[in-house]
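> Take this structure, written in C-alpha cells, and hold onto it; I'll ask about it next.
The values are calculated or read from the model by the stated rules, or taken from the named source; none is laboratory data. If you're wondering where the values come from, they're calculated on a predicted model, not measured in any experiment. Cβ placement follows ideal geometry from the backbone for every residue including glycine, while neighbour counts extend to all protein chains displayed. To get the accessible areas, we keep the full protein, side chains included, count just its heavy atoms, and leave off ligands, DNA and RNA. Shrake-Rupley method; radii C 1.70, N 1.55, O 1.52, S 1.80 Å.
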Amino acid sequence: MMQKQQTNDTGGEDALVGNVNKLMVSPPGYSGAPRKGHLVFDACFESGNLGRVDYISEFEFDLFIRPDTCNPRFRVWFNFTVENVRETQRVIFNVVNFSKTKSLYRDGMSPVVKSTSRPKWQRLPAKNVYYYRCPDHRRNYVMSFAFCFDQEDDVYQFAYCYPYTYSRLQHYLASLERRNLPYLQREQLGLSVQQRRLDLLTITNSEREKKLVFLSARVHPGESPASFICQGVIDFLVSQHPVAQILRDHVIFKIVPMLNPDGVYLGNYRCSLMGFDLNRHWQDPSPWAHPTLHAVKQLIVQMNQDPRVSLEFYIDVHAHSTMLNGFMYGNVFEDEERVQRQAVFPRLLCQNAPDFSFSNTSFNRDVVKAGTGRRFLGGLLDDTSYCYTLEVSFYSYMTAGSTAPVPYTEETYTKLGRNVARTFLDYYKLNNLIKDNRPIHIQSKLLYFVFAVFYNYTYHLPPCFCLQF
C-alpha cells in the first residue's frame, strides 16, 4: 500500500512519532498516476528511521529523523530506502533535524549506501557530503549529500552507519548454536518490554574457578559498530586459534551482545522503547521499565557475591559520534596502584590493535556518568576488578605514520573485536603456553612492555609514553 505525501506545516520534529511507510513524494499539486522519478521512501522495517520527507524541488528533499520512541531529545540514527527512481536521476537529500551539533560529518564522515544489485554497504564519497549551519532551518546543522541513481529497478538503502539488527544477531547466535561447540553456552537471561530475547553467551572450556570477563554491547541501540566488535570477540573466542584455546582454558567469558534489543529493533539512537537511556539507570533499574538492564545487573551482583567467581573485567562496548579510533574510558581511584593497574589493559590493546588510541583513552568520574555501567560497577566490584567503556569511532581511525583517516568497515570493526580478545592473553601473561611458531623475542617484548607500563607510572613519565618495538 503506497502512502502519498501529506503536507505537514504545523508539526515540528517533536511531532514525528512514526516512520514513513512507502511514502511517494511527488510535486505539489500533482494528482496523476505515479511516474518514474517520483521517489518512494520507506523506513517501516527493522531498525528503520525516517519520520518525514519534504519535497523542495525535483532534485532536492528535506529529510526528518524520527526521534527515539517516547523521547524527543535524540535524533541521530537514520535508515531508510528509496525506490521508483529514474536512471541517472540526481538528487540532494538534506537531513535537517539532528539533535547533536558536533559530528564526524565535519571531519569527512559520510552515510553508507547499498542497493538491490549491490548488497554490500559502502560509504558515499566524502566530496558529496556537506555539513553546515542552515539559515532555512533555524540555523540548525544540516547534513546534505548528493547522489545519482543508476539502476531504475533497484531499491536503494541509506543509513547513518552500517546497520546490525536484532534479527541479524538472532541468526548469528542460532548458527553458533547449531555448531554444538562444547565450550559455548547460549541462554536467555531475560526478555525486553516487547518480549525480545536478552541473550547471554558463556565461552569457556570448563566453569571451574577461573578469572571471569564480562562484556556487553548495544545499550545504546544506534551504536551499531559495537555489535561488529562484539561479534569479532565472539568469533575469535569460539575459533580454533591457539590463542583462543588457551583463553578458554584459563578464562570464563560472559557476553551480552545486545542489552537494548527493543531500541535496536525500533531504530532508536539512544533509548529503549519507553524512552530511557538505559546507561543512566544502573544504580536502580526497574524490573518492568528496564528489564534487560535489571537482569544483567542482578547476574553481575550475584557473581560478585559468589566466592568461587573472580570477576575481573567488565567492558561495555559503544560507538562515538565525534572522535576517531578506538579508545577506552576508565574510572578514577584514590589508590595509586589501582590506577596503574587499570592502565595496563588499554596499553596492551594499543600494541595489538593499530586503530586503538591510548592517547584518546581517559579516566574520569564525571557526575553525568554516575549511572553508567562503568561507573556503577567500578564502585560495586572490589579493587581487583576493572570496568571500562570501549568506544570506537562511527567513522575512521588514524594509524601511526598515517596522514589521512582510514574509514572503518564492517570488517575492520570486527577485527578490533578480535584484537580485544587476543589482548587478554597478554594481560594474563599466557604467552608461554602458545605452541605455534611465534618468535620468542616477541613474547619477551610483551612481558617487557608490561614491566615498562608499571615503570612508566612509578616514575610518572608523560601519559602519551608508548613503547615502540
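> Please calculate the 1.4 Å probe accessible area of Asp426, with all protein chains present, and give it to the nearest 10 Å².
Answer for Asp426: close to 10 Å² accessible.
> While we're here: Taking the alpha-carbon set of the range 320-440, what are its Rg and Dmax in Å?
So, for the range 320-440, Rg and Dmax equal 15.7, 49 Å respectively.
> Express the C-alpha Rg of the range 73-194 as a ratio against the empirical globular expectation 2.2 N^0.38 Å, rounded to two decimals. Intermediate results must be reported in sequence, preceding the final value.
Working: Rg = 19.0 Å, N = 122, 2.2 N^0.38 = 13.7 Å.
With N residues counted in the range 73-194, Rg over 2.2 N^0.38 Å equals 1.39.
> Can you send over the solvent-accessible area of Tyr131, 1.4 Å probe, protein chains only, in Å² to the nearest 10?
40 Å²
> Note down the relative contact order for the chain as a percent, whole number, built from C-alpha pairs under 8 angstrom at least six residues apart. Intermediate results must be reported in sequence, preceding the final value.
Values: 962 pairs, mean separation 62.2, N = 469.
This gives 13 percent for the chain.
> Taking the Cα centre of the range 219-285 as the origin, how large is its charge dipole in debye, to the nearest 20, when only Lys and Arg (+1) and Asp and Glu (-1) carry charge on their Cβ atoms?
Using Cβ point charges on Lys, Arg, Asp and Glu, the range 219-285 gives about 60 debye.
> Here's another thing I want to ask about it. Give me log10 I(q)/I(0) at q = 0.31 Å⁻¹ for the range 292-344, Debye formula, one equal scatterer per alpha-carbon, no solvent.
-1.12
> Something else: Provide the percentage of antiparallel DSSP beta bridges, counting only those with both residues in the chain; round to the nearest 5.
In the chain, DSSP labels about 65 percent of beta bridges as antiparallel.
> Got a sec? What order do Trp77, Trp121, Trp288 fall in by accessible area at 1.4 Å, biggest, i.e. largest, first?
Output order, biggest surface exposure first: Trp288, Trp121, Trp77.
> Mind ranking 42-49, 370-377, 136-143, 256-263 by how tightly packed they are, going by the mean number of other C-beta atoms within 10 angstrom, highest first?
256-263, 370-377, 42-49, 136-143
> Over 20 Å between C-alpha atoms is what I'm after, so list which of Lys254/Lys369; Lys210/Lys429; Lys100/Lys120; Lys22/Lys114 land there.
Checking Cα-Cα distances, Lys254/Lys369; Lys100/Lys120 exceed 20 Å.
> While we're looking at this one, here's another question. Would you mind estimating how fast the chain diffuses translationally, via Stokes-Einstein at 4 °C and 1.567 mPa s with the Kirkwood radius over Cα pairs, in µm²/s?
Using the Kirkwood radius from Cα pairs, D works out to 55 µm²/s.
> Quick one: Cα centre-to-centre distance for the range 261-321 and the range 25-47, in angstrom?
Between the Cα centre of the range 261-321 and that of the range 25-47, the gap is 40 Å.
> What is the distance in Å between the Cα centroid of the range 379-399 and that of the range 103-131?
Each part's Cα centre sits 27 Å from the other's.
> Would you mind classifying the range 119-271 by shape? Square roots of the alpha carbon gyration tensor eigenvalues, ordered a ≥ b ≥ c; an a/c under 1.5 is rounded, otherwise it is prolate if a/b is larger than b/c and oblate if not.
It is prolate, given that a/c is not under 1.5 and a/b is the larger ratio.
> Any idea what Rg and Dmax come out to for the range 23-76 if you just take the C-alpha atoms, in Å?
According to the Cα coordinates of the range 23-76, Rg and Dmax are 13.3, 39 Å.
> In debye, nearest 20: dipole of the chain around its Cα centre with unit charges on the Cβ of K, R (+) and D, E (-)?
460 debye
> Over all directions, average the projected area of the Cα convex hull of the range 144-234 and note it in nm².
Approximately 9.5 nm², given one-decimal rounding.
> Let me ask something else about it. Under a 1.4 angstrom probe, counting protein chains only, how are Phe356, Phe74 ranked by accessible area, largest first?
Phe74, Phe356
> While we're on this one: Assuming a ≥ b ≥ c are the square roots of the Cα gyration tensor eigenvalues, decide whether the range 252-411 counts as rounded (a/c under 1.5), prolate (otherwise, with a/b larger than b/c) or oblate. Before the final figure, lay out each step's value.
Numbers: a/c = 1.94, a/b = 1.19, b/c = 1.63.
It comes out oblate by the Cα gyration axes.
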